[in-house]
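Where a number appears in this text, it was derived from the coordinates with a stated rule and is not lab data. Values in this document were obtained by computation on a predicted structure and should not be read as measured data. Cβ sites come from the backbone with ideal geometry, for glycine too, and all protein chains shown count toward neighbours.
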Amino acid sequence: MHADAPTRPHAAAGSAAAEADFARAEPLLAAARALRDEVSRRVLGQGTVVEEILLAIVAGGHARLVGVPGLAKTLLVKSVAEAMRLQFRRIQFTPDLVPSDITGTEILEEDTHTGARAFRFVEGPVFANIVLADEINRAPPRTQAALLEAMQEHAVSAAGRTMRLPEPFFVLATQNPIEQEGTYPLPEAQLDRFLFDVRVGYPGAEDEVAILRATTGAAQAPLAPVLDADQTLALQRLARAVAASEPILRYAASLVRATRPDDPGAPPLVKEAVRWGAVPRADQALVLGGEVHALLAGRLAVAPHDVRRVAAPVLRHRVLPTFAAEAEGVDVEQIVDAVAKHVAPPASGVRV
């Protein structure tokens, strides 16, 4: 999603044509809900995480899952792929990974009959619909740059030509926030290409018992694929038909601007604890995420709470605290929460 992407008109909510389109789209929405239910059947106690990944997929964006080892991040992504009729590839990121390990490489082939030789490009694992970038921060900068092009352009430049990736295309990355030895920090430019930053926490007490019950007995049944490529692309188009009114657009812009320490509308915590705030791409992510949230709830227009729901996964990786704030224990979650409380949503009487 580009900051300079072409704008699109936001249709008026409640029009007869829009309602007819959404009525015809009910099977698509049912398939999206079935995807959520299928994945939740395999990965217990992570309902919020499953919802945010589904929001990212319908929005057509990438997501980074951050959590300590053992919280089923990899299983979650594999389960999403299993419940979708899409091509899936896993890339285990390591310090010795080179760009061609991701994008592919040229090989020299010889015709056994004529002896003629020719180069042939062998596609790498990035040529898939869903790419699991496991422990993404373990790859060196050159490899990160190769993945960045794929994420941003949905294309790969190799062997002197540019090749399009299959659509839909998603990178779902995992990252361990604890162990930093042998890792490479992701550059801000790459972090910004992730639509959502999803935090994977510990399950609740009852969920943890349910995990034991489900995983220490008989083998689990495979998940049923419930969503294919055409349906996913149709859901993405439908999400962009959800109406976002002028007050909603201004609300999203105000949330993003309030993360910048030099903005007059920023709360005191931002002015004290933030080095750099979010860029306009965050505005786009807030509106698009809000549209998808409204769509999956069966509504034709974005409400303030839709935008507020996606504020944390959209902003937490786009706001950089100062070194002093980090030393004092001020984290991004506190900053985003302060911004959300500081910026008033549109008045309830405003039609959205």
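Suppose each label sits 7 Å from its Cα in the direction of the beta carbon; what would the residue 249-residue 167 distance come out to in nanometres?
About 2.4 nm, to one decimal.
Size of the dipole of the stretch 39-216 about the Cα centre, Lys and Arg at +1 and Asp and Glu at -1 on the beta carbon, nothing else charged, in debye to 20?
Around 340 debye, computed over the stretch 39-216.
Each residue of the stretch 260-275 in order: what ³J(HN,Hα) in whole Hz does its phi give by Karplus 6.51 cos²θ - 1.76 cosθ + 1.60, θ = phi - 60°, with x for Gly and Pro?
Values per residue, Gly and Pro as x: 9, x, 8, 8, x, x, 6, x, x, 4, 5, 4, 8, 10, 10, 7 Hz.
Can you compute the FRET efficiency between residue 123 and residue 237 using 1/(1 + (r/R0)^6), with r the Cβ-Cβ distance and R0 = 35 Å? Round to the nearest 0.05.
Efficiency, rounded to the nearest 0.05: 0.85.
Could you give log10 I(q)/I(0) at q = 0.09, 0.14 Å⁻¹ for the chain, computed by the Debye formula over C-alpha point scatterers of equal weight, without solvent?
Relative scattering, expressed as log10 I(q)/I(0), comes to -0.54, -1.25.
For the chain, set up a GNM with springs between Cα atoms under 10 Å and report which of 42, 85, 117 has the largest fluctuation.
With Cα springs under 10 Å in the chain, the top fluctuation among 42, 85, 117 is at 117.
May I ask for the net charge around residue 124, where only other residues with Cβ less than 12 Å from the Cβ of residue 124 are counted and Lys, Arg are +1 while Asp, Glu are -1?
-2
Sticking with the crude label model, points 7 Å out along Cα→Cβ, report the distance from residue 85 to residue 26 in nm, one decimal please.
The modelled label-to-label distance comes out at 2.2 nm.
Relative contact order of the chain, please, whole-number percent, based on alpha carbon pairs below 8 angstrom and at least 6 residues apart.
The normalised contact order for the chain reaches 22 percent.
For residue 181 and residue 215, what does the FRET efficiency come to when R0 = 25 Å and r is the distance between their Cβ atoms, rounded to the nearest 0.05?
Efficiency computed from Cβ-Cβ geometry: 0.25.
For the chain, which DSSP H helices look membrane-span-like by this rule: Cα extent along the axis of 20 Å or more and mean Kyte-Doolittle of at least -0.5?
Span-like helices, by this rule, are 26-42, 280-296.
Please report, in cubic angstrom per residue, the volume enclosed by the convex hull of the alpha-carbon atoms of the stretch 29-184.
Value for the stretch 29-184: 134 Å³ per residue.
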